[in-house]
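Undergrad: First the structure, which I've put down as structure tokens, then a few questions once you've had a look.
Read-outs throughout are calculated quantities, based only on the coordinates presented, and are distinct from any laboratory measurement. Worth saying up front: this structure is predicted, and the values here are computed from it rather than measured. Quick reminder, even Gly has a Cβ in these numbers, built from the backbone with ideal geometry, and neighbours come from all protein chains shown.
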Amino acid sequence: MSVELRSVTKQYDKLKALDQINLKIEKGEFFVILGPSGSGKTTLLRAVAGLERVDSGNILLEGRDVTEVPPHKREVAMVFQNYALYPHKTVLENIVMPVENQLDKREILRRVEELSSRLKIDALLGRYPSELSGGQQQRAALARALIKRPRVFLMDEPLSNLDAIQRISARKLIREVQRENNVTTLYVTHDQIEAMALADRVAVMNNGKIIQVGTPEEVYSNAESEFVASFFGNPPTSIIDGKIVGLEGKIGVRPEDVEIGDGDLKGQITDVEFWGDRYLVYVYFADEEIRAFHHKRLKIGQEIRFKFKKISGPWNS
Ligand SMILES: Nc1ncnc2c1ncn2[C@@H]1O[C@H](COP(=O)(O)OP(=O)(O)OP(=O)(O)O)[C@@H](O)[C@H]1O
């Protein structure tokens with residue numbers, strides 16, 4: 001089911017949480033909304049779910065205007081950051097809740113069996129949420145969202161309570177489940193790695209506005225503004241004064257585009273991080289500090305020569 005937002009605006013007092021949002025998400029697409037804290041991501045998701053009334057604009061599901069349709073009639077399912085499992089209900093009771101009065105018992109049982117085996121929670125159905133790890137709770141919340149066979153999946157930072165290792169497997173699981181069910185997915189995060197890893201397309205949001213939309217590759221290699229450059233990527237682009245290369249305004253340099261060894265620029269190493277297959281080094285020069293990748297450990301304080309293989313911008317901020 002496609003999801004469309006047309007000029008959607010939502011205001012809290014003087015603050016525009018959503019400011020003229022226009023977006024079209026295609027059927028089956030995995031669409032990620034990426035933005036800093038407070039940019040309006042959750043408000044956008046809640047508006048699509050029908051949990052938040054919008055002040056103006058329209059929300060369409062498969063071309064049908066649902067702006068005034070209540071949440072339970074929208075065929076969408078939402079997975080929250082804290083999973084929102086009911087603590088006094090078992091995993092099984094939590095999972096079947098959305099369909100309890102809608103499907104016959106045999107069909108419910110069939111779906112529970114299928115989902116719990118797919119999500120590897122068969123052995124946990126009798127437990128209470130407090131007896132589960134974060135990853136297990138997350139899988140139970142996914143099962144509860146999927147049992148309705150929603151046509152749109154709305155996910156609000158569903159991995160933020162997991163550790164780094166769990167996140168990697170959970171990312172893969174979410175992607176597989178989404179692909180198997182071909183369900184249109186809107187996924188909110190402030191984590192660039194997650195956005196790049198999961199998205200078919202990503203929208204970068206700031207101050208209630210969509211700043212740029214594209215595939216992760218497009219946004220990564222062609223940031224249209226200083227904000228997007230400084231926010232997208234891991235680590236993000238270093239933003240420096242363009243005068244260094246004879247340009248007006250600010251320019252961006254990705255860490256992989258700084259070539260250390262020779263070149264016209266001179267700087268000093270101020271910090272070094274080991275990244276496994278390479279090092280991230282901080283280089284101080286001309287009152288600026290940039291991040292660069294290098295294949296071997298350099299010494300803090302060491303003087304180096306370097307050049308930029310590629311820059312983005314200039315932007316006038
Ligand atoms: N019920 C509310 N009443 C007043 N202001 C609100 C309400 N809900 C959200 N806001 C404000 O709207 C803005 C957008 O909030 P929202 O939760 O959508 O941001 P977010 O991008 O999801 O942030 P985070 O990543 O921190 O969850 C914030 O400035 C927030 O303080």
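Undergrad: By counting other Cβ atoms within 10 Å of each Cβ, how are PHE153, PHE227, PHE274 ranked from fewest to most?
TA: Lowest to highest Cβ neighbour count: PHE274, PHE227, PHE153.
Undergrad: Using only alpha carbon pairs under 8 Å that are at least six residues apart, calculate the relative contact order of the chain and give it in whole percent.
TA: Reported as a whole number, the value is 18 percent.
Undergrad: Would you mind checking the pairs LYS209/LYS250; LYS16/LYS310; LYS89/LYS209 and listing those with alpha carbons more than 31 angstrom apart? Write out the running numbers ahead of the final one.
TA: Numbers: LYS209/LYS250 22 Å; LYS16/LYS310 37 Å; LYS89/LYS209 39 Å.
Long pairs (Cα-Cα over 31 Å): LYS16/LYS310; LYS89/LYS209.
Undergrad: Just to check I understand the Karplus step: with θ = phi - 60° and J = 6.51 cos²θ - 1.76 cosθ + 1.60, what whole-Hz values come out for region 12-25, glycine and proline as x?
TA: Using θ = phi - 60°, the values come out as 10, 6, 8, 8, 8, 6, 10, 10, 6, 7, 10, 8, 10, 10 Hz.
Undergrad: Tell me, in nm to one decimal, what length is gained between LYS27 and GLN102 on full extension, where the rule is 0.36 nm per residue of separation less the Cα-Cα distance?
TA: 24.5 nm
Undergrad: Could you list TRP315, TRP275 so that the one with the fewest beta carbons within 10 Å of its beta carbon is first and the one with the most is last? Mind dumping the intermediate values first?
TA: On the way: TRP315 19, TRP275 12.
By the 10 Å Cβ count, ascending: TRP275, TRP315.
Undergrad: Now for a separate question. Would you grab the residues whose amide H sits under 5 Å from the one on LEU265? Only those 5+ places off in sequence or on another chain, please, with H modelled 1.01 Å from N.
TA: For LEU265, the qualifying residues are PHE306.
Undergrad: Relative to the Cα centre, what is the charge dipole magnitude of region 182-270, using +1 at the beta carbon of each Lys and Arg, -1 at the beta carbon of each Asp and Glu, and rounding to the nearest 20 debye? If you can, show how the numbers build up before the last one.
TA: Working: 6 positive and 14 negative charges, 62 e Å.
Dipole of region 182-270, to the nearest 20 debye: 300 debye.
Undergrad: Then there's this: Is the shape of region 125-225 rounded, prolate or oblate, going by the alpha carbon gyration tensor and its root eigenvalues a ≥ b ≥ c, with a/c under 1.5 for rounded and a/b larger than b/c for prolate?
TA: Prolate shape, in that a/c is at least 1.5 and a/b is the bigger ratio.
Undergrad: Under a Cβ-Cβ cut-off of 12 Å, what is the net charge of the residues other than LYS243 that fall near it, where Lys and Arg count +1 and Asp and Glu count -1?
TA: -3
Undergrad: Quick one: order MET205, MET97, MET1 by neighbouring beta-carbon count within 10 Å, fewest to most.
TA: Fewest to most other Cβ atoms nearby, the residues stand as MET97, MET1, MET205.
Undergrad: If you don't mind, there's one more thing I want to ask. For the chain, report the translational diffusion coefficient in µm²/s to the nearest whole number, using Stokes-Einstein at 25 °C, 0.890 mPa s, and a Kirkwood Rh over Cα pairs.
TA: Here the translational diffusion coefficient equals 113 µm²/s.
Undergrad: Same structure, new question: Expressed as a rounded percentage, what relative contact order does region 237-315 have, with Cα pairs under 8 Å and six or more residues apart?
TA: Over region 237-315, the number comes to 39 percent.
Undergrad: When the distances between all Cα atoms of region 43-166 are binned every 10 Å from zero, what whole-number percent does each bin get?
TA: 13, 40, 32, 14, 1
Undergrad: What are the ³J(HN,Hα) couplings of region 166-175, residue after residue, when phi is run through the Karplus curve with 6.51, -1.76, 1.60 and θ = phi - 60°? Round to Hz, x for glycine and proline.
TA: 4, 4, 5, 6, 5, 4, 5, 4, 4, 5
Undergrad: Which far-off residues, 5 or more places away or on another chain, put their amide H under 5 Å from the one on THR67, with H placed in the peptide plane?
TA: The answer is ILE59.
Undergrad: Where Lys and Arg each count +1 and Asp and Glu each count -1, what net charge lies around MET78 among other residues with Cβ under 14 Å from its Cβ?
TA: Details: positive: LYS41, ARG46, ARG74, ARG144, LYS148, ARG151; negative: GLU52, GLU75, ASP156, GLU157.
Its environment carries a net charge of +2.
Undergrad: Out of the GluC sites (Glu not before Pro) in region 165-254, which ones are loop residues according to DSSP with at most 13 other C-beta atoms within 10 Å?
TA: Qualifying residues, ordered by number: GLU248.
Undergrad: List the residues whose amide H sits under 5 Å from the amide H of ARG74, counting only those 5 or more places along or on another chain, with H placed 1.01 Å from N in the peptide plane.
TA: Placed amide hydrogens put nothing under 5 Å from ARG74.
Undergrad: Exactly which trypsin sites (Lys or Arg not before Pro) in region 23-87 are in a DSSP loop and have at most 13 other Cβ atoms within 10 Å?
TA: LYS27, ARG53
Undergrad: Work through the residues other than HIS190 whose Cβ is under 13 Å from its Cβ and net out their charges, Lys, Arg +1 and Asp, Glu -1.
TA: -3
Undergrad: List the lysines whose alpha-carbon lies under 16 Å from that of LYS148, not counting same-chain residues fewer than 8 positions away?
TA: LYS73, LYS105
Undergrad: Distance between the C-alpha centers of region 214-262 and region 125-183? Whole Å please.
TA: Cα centroid to Cα centroid, the span is 34 Å.
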